[in-house]
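Here is the structure we will look at.
The values are calculated or read from the model by the stated rules, or taken from the named source; none is laboratory data. What you see is a predicted model, and the numbers here were worked out from it, not measured in a lab. Cβ placement follows ideal geometry from the backbone for every residue including glycine, while neighbour counts extend to all protein chains displayed. Side chains are part of the model used for accessible areas, which takes the heavy atoms of the whole protein and leaves out ligands, DNA and RNA. Shrake-Rupley method; radii C 1.70, N 1.55, O 1.52, S 1.80 Å.
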Amino acid sequence: MMEIAINILIILIKILVILIIALGIGAYLTLVERKVAAHIQRRPGPMVVGWHGLLQPIADGVKLITKEDLFPRYGNRFLYNLALIMALVPAVLVFAVVPFGPTIEIGGREIKPILTDVNVGILLVFGLGSLAVYAIALAGWASNSKYALIGSMRKAGIIISYEVAITFAVMGPLMLAGTLSTFEIVQAQIDQKLWYFWIQPVAFVVYMFSLLAETGRVPFDIQEAEAELVTGFTVEYGGIKFGLFPLVEWYVEVLTLSAIAVVLFFGGWSPINIPFLGFVDPLFFLGPFAPFVWFVLKVALLLLFVLWLHWTLPRYRIDQITAIAWKVMLPLALLNLVITAVIAPLIWR
Amino acid sequence: MVKRVFQRPLNIIERILFIDFIKGLTVTLKQAFRRTITTHYPYEKLTPPKRFRGFLGHKVIDGREPQPAFNEWVERMKIEVRPGHSRCVVCLLCKRACPVPQLFEIEPEKLPNGKRVIGVFNMNLMLCTFCGLCVDACPVDCLFNSDIHETASYSRKDAILDLKALEEIGRDWQRRREKEEDKIWSDDEHRQRLWYENDVSIR
């Protein structure tokens, strides 16, 4: 009985930590994005609220929460609110299978820093990722607006194209690791002394393209295309509901998919890898915290790379986006799959 | 039919290695670490050029009036010269030049010795387009555009400049910028000089 209570307590603490990470960091990523965008355009960005605008996300949140909650006439109120929940929940749920570090011991008890180490973790990630399209389609349809509907249709088209490509892209690392559990994929990379990025660069490129497409980042931000569609499917949302959609789509989803990319291609919490030889750890002095720092560092770098791309590239047209998905990315992913299948036994040894 | 003027197709290496992506990314990375070029407006203010057309003002008599025009106009309009007060000779040429003449309200004041001075000079800046025609028309270099451009106010009444406000703007201008070299554009050094010297309080 005591054992069960302690286990539940541990799980509750994990959930709390993950929620704080997902939503708190997500909110602060708005500031990071604004700062990165500003400096790329040679502006300083938010400077007034707090030191260098550090309290800006809190000010924005307070402002959005205290705003009036408007609802479009002739909209569908149930689906309108459901869309928000369906956007938020799957995006945060993905964090349940993100491993933050190796198994640690606290008070003689082994704790994995992952909420649920299910043995189909990656499947769960992409299942939940596909759910996001429902949220967007519902948001566009329920708000009874042409702009919103066009935006959500574009997004649905993109996601359907890139779901296929991303699934075949992650098949390569999965084949090399021989498991679907995120925790064990990282463990396999440490055991084989190999980040899968070194022999799966094609899969990584396909994955990055799909990441940008699924999260609606430039160069695939056609669903919100502020010059044509105002803000796409969020056009009829107001107040904190409007704040949550970009938070989920641009920050939480990018965060989760970057974390999954780090798990699949960059060996999760492992230090810098020299292929087949071992690991070099310049952060050894951090002791037991080093793996966590490595994980956070890799995710942060990948995220900054996404932001950097966002503020550099122009936007593709919808036909170019789907053409890239079906004509380039999918054949590349399949080809990569075949090559991986041939060389996989060499890696397994 | 759109005619393509020039489009070099990417070669295979450029396609595989995303060379054009990398070119763009290096440009933005270079810019990201350079100094920002912004002015933090409510906290820092740049000095406008001398020919900037902001709020209007009346220059006061300080011995630097354009001669002999000023003396001729004083004689013609029978004006009492009072040093330290407006140069206005009540000729109404500014009102005549103005595209919206009703924004001016100009009346002379008769003194017991038979001479006149300017008594009422109200300008309703809500009608003003800051075109500067009245400034060009002024024969005695009295009316002028200053560099004060923060014209927001809480009440419509505040948009009407009376003689006292106009003279105050004029004194402030003559103290700060009268002797400055007249340049159409400002060099960086000039623009970087902050605007804090301006201490005029109109309302």
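Odds and ends about this structure:
- Of the residues making up segment A:37-61, those losing 30 Å² or more of accessible area when the isolated chain is joined by the remaining protein chains, with a 1.4 Å probe, are A:HIS39, A:ILE40, A:ARG42, A:PRO44, A:VAL48.
- Sparse-neighbourhood loop sites, chymotrypsin sites (Phe, Trp or Tyr not before Pro) in segment A:72-119 - DSSP loop, at most 11 other Cβ within 10 angstrom: A:TYR74
- Taking the inverse of the mean reciprocal distance over all distinct Cα pairs, the Kirkwood hydrodynamic radius of segment A:1-113 comes to 17.9 Å.
- When the Gaussian network model of chain A links Cα atoms closer than 10 Å, the mean-square fluctuations of A:ILE272, A:ILE13, A:ILE321 top out at A:ILE13.
- Viscosity 1.306 mPa s, temperature 10 °C, Stokes-Einstein D of segment A:226-349 from Kirkwood C-alpha radius, µm²/s: 87 µm²/s
- Averaging over all projection directions, the Cα-based convex hull of segment B:98-168 occupies 5.7 nm² in the image plane.
- Based on alpha-carbon atoms, the Kirkwood radius and the radius of gyration of chain A give Rg/Rh equal to 0.98.
- Accessible surface, segment A:69-348, averaged per residue in Å² (probe 1.4 Å): 42 Å²
- Cβ-Cβ FRET estimate between A:LYS327 and A:LYS63, R0 fixed at 51 Å, reported to 0.05: 0.70
- At the residue level, A:PHE305 shows approximately 70 square angstrom of accessible surface with a 1.4 angstrom probe and all protein chains present.
- With the helix formula -39500 (n - 2.57) applied to DSSP H stretches of n ≥ 4, chain A reaches a computed 222 nm mean residue ellipticity of -19500 deg cm²/dmol.
- Helix A:2-19 and the long axis of chain A differ in direction by around 50°, with both axes built from C-alpha atoms.
- The solvent-accessible area of A:THR231, taken with every protein chain present and a 1.4 Å probe, is close to 40 Å².
- Every Cα-Cα pair of segment B:1-104 was included, and the share exceeding 16 Å stands at 80 percent.
- Interface area, chains B and A: about 1400 Å² of buried accessible surface, summed, with a 1.4 Å probe and ligands, DNA and RNA left out.
- Across segment B:74-89, rounded Karplus estimates of 3J(HN,Hα) from the backbone phi angles (6.51 cos²θ - 1.76 cosθ + 1.60, θ = phi - 60°) give 5, 5, 5, 8, 6, 9, 7, 7, 10, x, x, 10, 4, 7, 4, 10 Hz, Gly and Pro being marked x.
- Solvent-accessible surface of protein heavy atoms, probed at 1.4 angstrom with all chains present, puts A:VAL263, A:VAL230 in the order A:VAL230, A:VAL263, largest first.
- Counted by Cβ distance under 10 Å from A:ILE104, the other residues give a net charge of 0, where Lys and Arg count +1 and Asp and Glu count -1.
- The protein assembly as shown - percent of accessible surface contributed by carbon and sulfur, probe 1.4 Å: 66 percent
- Over chain B, the fraction of Cα-Cα pairs per 5 Å bin, rounded to whole percents and listed from the shortest bin up, is 1, 6, 12, 15, 14, 11, 8, 5, 4, 4, 4, 4, 4, 3, 2, 1, 1, 0, 0, 0.
- Per-residue HN-Hα couplings for segment A:102-119 [Karplus 6.51, -1.76, 1.60; θ = phi - 60°; Hz; x = Gly/Pro]: x, 4, 10, 10, 10, x, x, 10, 7, 10, 8, x, 8, 5, 9, 8, 6, 7
- Computed over protein heavy atoms with a 1.4 angstrom probe, the accessible surface ordering of A:ARG34, B:ARG116, largest first, is A:ARG34, B:ARG116.
- Shielding value for A:300-311 is 1, the average number of Cβ atoms from other chains within 10 Å of each residue's Cβ.
- Using a Gaussian network model of chain B in which every pair of alpha carbons under 10 angstrom is joined by a spring, one finds that among B:PHE130, B:PHE33, B:PHE55 the greatest mean-square fluctuation is at B:PHE33.
- In degrees, nearest ten, helix B:163-176 long axis to first principal axis of chain B (Cα): 60 degrees
- For chain A, the tally of Lys pairs with Cα-Cα distances below 24 Å comes to 14, considering only residues 8 or more apart or on different chains.
- Alpha carbon centroid spacing (whole Å) that separates segment A:44-121 from segment A:146-182: 21 Å
- For chain A, the longest principal axis of the Cα atoms and the long axis of helix A:121-142 meet at an angle of about 0 degrees.
- GNM top mover of B:THR28, B:THR36, B:THR151 - chain B, alpha-carbon springs below 10 Å: B:THR28
- Ranked by solvent-accessible area (1.4 Å probe, protein heavy atoms only, all chains present), the residues B:CYS91, B:CYS142 order from largest to smallest as B:CYS91, B:CYS142.
- Rolling a 1.4 Å probe over the protein heavy atoms gives chain B an accessible area of 66 Å² per residue.
- Accessible-area value, A:MET153, 1.4 Å probe, nucleic acids and ligands omitted, Å²: 110 Å²
- Cα extents of segment A:130-218 along the three principal axes, largest first (Å): 54, 22, 16
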